[in-house]
Amino acid sequence: MPGPRQPEGQQARARTSATIQRIVRSTAVADFVKRAHDYTCQVCDIRLANPTGAYAEAAHIQPLGRPHAGPDIAANILCLCPNHHVLFDLGMLTIEDDLTVTSRAGGSHRARLREVASHQVGREYLVYHRTHHSAAYFA
Ligand SMILES: [Zn+2]
C-alpha cells in the first residue's frame, strides 16, 4: 500500500520580512532553575548529556504571554526535558499541590515532581495551570 505522497518542497526558499513583538525572558532565571536541577527533568529524571554539558528546558507554569501574564520568576518555572515540556504546555501533564504528577494520556510517570531546597515551585502557579487546562479540555 503506497504511503502519502511526498511534498515537493523547495530548493531555494523565499524570504519575507516581518515585525514581531516578543516577551523578553530572563535567561538568568531560566539558567538558575536548570542549574538547580543539574539540567535533569523534574518529572522523569532524564538528563540529556552532550559534549558541551547537558540540555534541559525551562518551562513556565503560568505562561508569560497574554492573557496569562505569568511572572518570569524561578517559582513559576520547571526544569523539564523537551517531551515533558510539550506535554506540560499542552495540559497533558498536570501537577497537584503535593507535587503528584498526573497524566491525562495515561501511561506511567514519576509519582511526584522532584523539588530541591534551592528551587521551590509556586503552588499558586500549579493551581493556575490545572485550572486553565481543565477549563480548556472540559468546558
Ligand atoms: Zn522528562
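The values are calculated or read from the model by the stated rules, or taken from the named source; none is laboratory data. Here the structure is a predicted model, which is why all the values come from computation and not from measurement. Heads up, the Cβs are rebuilt from the backbone with ideal geometry, glycines too, and the neighbour counts pull from every protein chain shown.
For residues that are in contact (Cβ under 8 Å) with a residue 60 or more places away in the chain and either of a type outside the set (A, V, I, L, M, F, W, C) or buried (at least 19 other Cβ atoms within 10 Å of the Cβ) (or both), scanning just region 41-59, find the one that is nearest to the ligand (Cβ to nearest atom). Give the steps one after another, and end with the answer.
So the first thing to find is which residues in region 41-59 are in contact (Cβ under 8 Å) with a residue 60 or more places away in the chain, and the list is 42-45.
Filter once more, so that each one left must be either of a type outside the set (A, V, I, L, M, F, W, C) or buried (at least 19 other Cβ atoms within 10 Å of the Cβ) (or both): 42-43, 45.
On the way: Q42: 8, V43: 4, D45: 7 Å.
Per the stated criteria, the residue is V43.
Can you find a residue that is within 16 Å of the ligand (Cβ to nearest atom), in contact with a helix residue (DSSP H, G or I) (Cβ under 8 Å, 6 or more places away or on another chain) and under 28 Å from R22 (Cβ atoms) anywhere in region 79-86? Can you show your working first?
As a first pass, look at region 79-86 and keep what is within 16 Å of the ligand (Cβ to nearest atom): 79-86.
Imposing the further condition that a residue be in contact with a helix residue (DSSP H, G or I) (Cβ under 8 Å, 6 or more places away or on another chain) reduces the set to 79-80.
Pick out the ones that are also under 28 Å from R22 (Cβ atoms) and you get 79-80.
Yes, there is a match, as at least one residue in region 79-86 is within 16 Å of the ligand (Cβ to nearest atom), in contact with a helix residue (DSSP H, G or I) (Cβ under 8 Å, 6 or more places away or on another chain) and under 28 Å from R22 (Cβ atoms).
Check D31, D38, D72 and return the single one that is more than 16 Å from the chain's Cα centre (by Cα), at pLDDT 95 or above and acidic (D, E). Steps first, answer last, please.
Working: D31 fails: more than 16 Å from the chain's Cα centre (by Cα); D72 fails: more than 16 Å from the chain's Cα centre (by Cα).
Going through D31, D38, D72 in turn, just one is more than 16 Å from the chain's Cα centre (by Cα), at pLDDT 95 or above and acidic (D, E): D38.
Screening region 112-130 for residues that are of a type in the set (D, E, K, R) and under 11 Å from E96 (Cα atoms) and picking the one that is nearest to the chain's Cα centre (by Cα) gives R130.
For region 87-111, filtering for residues that are modelled with pLDDT of 90 or more and touching a strand residue (DSSP E or B) at 6+ places or on another chain (Cβ under 9 Å) leaves 12. Residue by residue through region 17-28, note down the ones that are modelled with pLDDT of 90 or more, assigned to a loop (DSSP other than H, G, I, E, B) and among the β-branched types (V, I, T). Residue satisfying the conditions is T19 alone. Condition first: surrounded by 20 or more Cβ atoms within 10 Å (Cβ to Cβ), farther than 13 Å from Y125 by Cβ and of a type outside the set (A, V, I, L, M). Now tell me which residues in region 69-105 satisfy that. Result: C79, C81, H84, H85.
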